[in-house]
1. Kindly establish whether residue 122 is under 12 Å from the mean Cα position of the chain (by Cα) and either part of a helix (DSSP H, G or I) or within 15 Å of residue 52 (Cβ to Cβ) (or both).
2. With respect to residue 97, is the statement that it is part of a helix (DSSP H, G or I) and surrounded by 13 or more Cβ atoms within 10 Å (Cβ to Cβ) true?
3. Out of all the residues in the range 69-80, is one or more in a helix (DSSP H, G or I) and at pLDDT 90 or above?
């Protein structure tokens, strides 16, 4: 008999080969067999922090956010959400900038104000993407 193995229903001591309890006839779970992780499983691969930071900073100048998160976790949603959000703000920002350069003075002033708002939104999204890539979460970085 094995001293550590007991029936989950009545607490009776069980033999190592028992499938049911001899007292209450309850089914006894088998001991989990020790399985070795398959190749490629087990410890997660450590991604290079420098590469993650570079992928979060350099493409942001071209309207591409979230590559750092995608590099860290290709199956995660956050990187792709940053990518879509970054493009959704950067494309109108760039278009307004080009229109502003080719317009008159009064319309250029109004377009500049709209472009400045889009720039602040994009800059905050880029900073959030960088913090998320470095720390795994914006909230961890800002200690919320």
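1. Details: under 12 Å from the mean Cα position of the chain (by Cα): no; either part of a helix (DSSP H, G or I) or within 15 Å of residue 52 (Cβ to Cβ) (or both): yes.
For residue 122, the condition - under 12 Å from the mean Cα position of the chain (by Cα) and either part of a helix (DSSP H, G or I) or within 15 Å of residue 52 (Cβ to Cβ) (or both) - is not met.
2. Numbers: part of a helix (DSSP H, G or I): yes; surrounded by 13 or more Cβ atoms within 10 Å (Cβ to Cβ): yes.
For residue 97, the condition - part of a helix (DSSP H, G or I) and surrounded by 13 or more Cβ atoms within 10 Å (Cβ to Cβ) - is met.
3. So far as the range 69-80 goes, yes, one or more of its residues are in a helix (DSSP H, G or I) and at pLDDT 90 or above.
The values are calculated or read from the model by the stated rules, or taken from the named source; none is laboratory data. From a predicted model like this one, the values you see are computed outputs, not experimental measurements. Every residue, glycine as well, gets a Cβ built from its backbone with ideal geometry; the counts of neighbours run over all protein chains shown.
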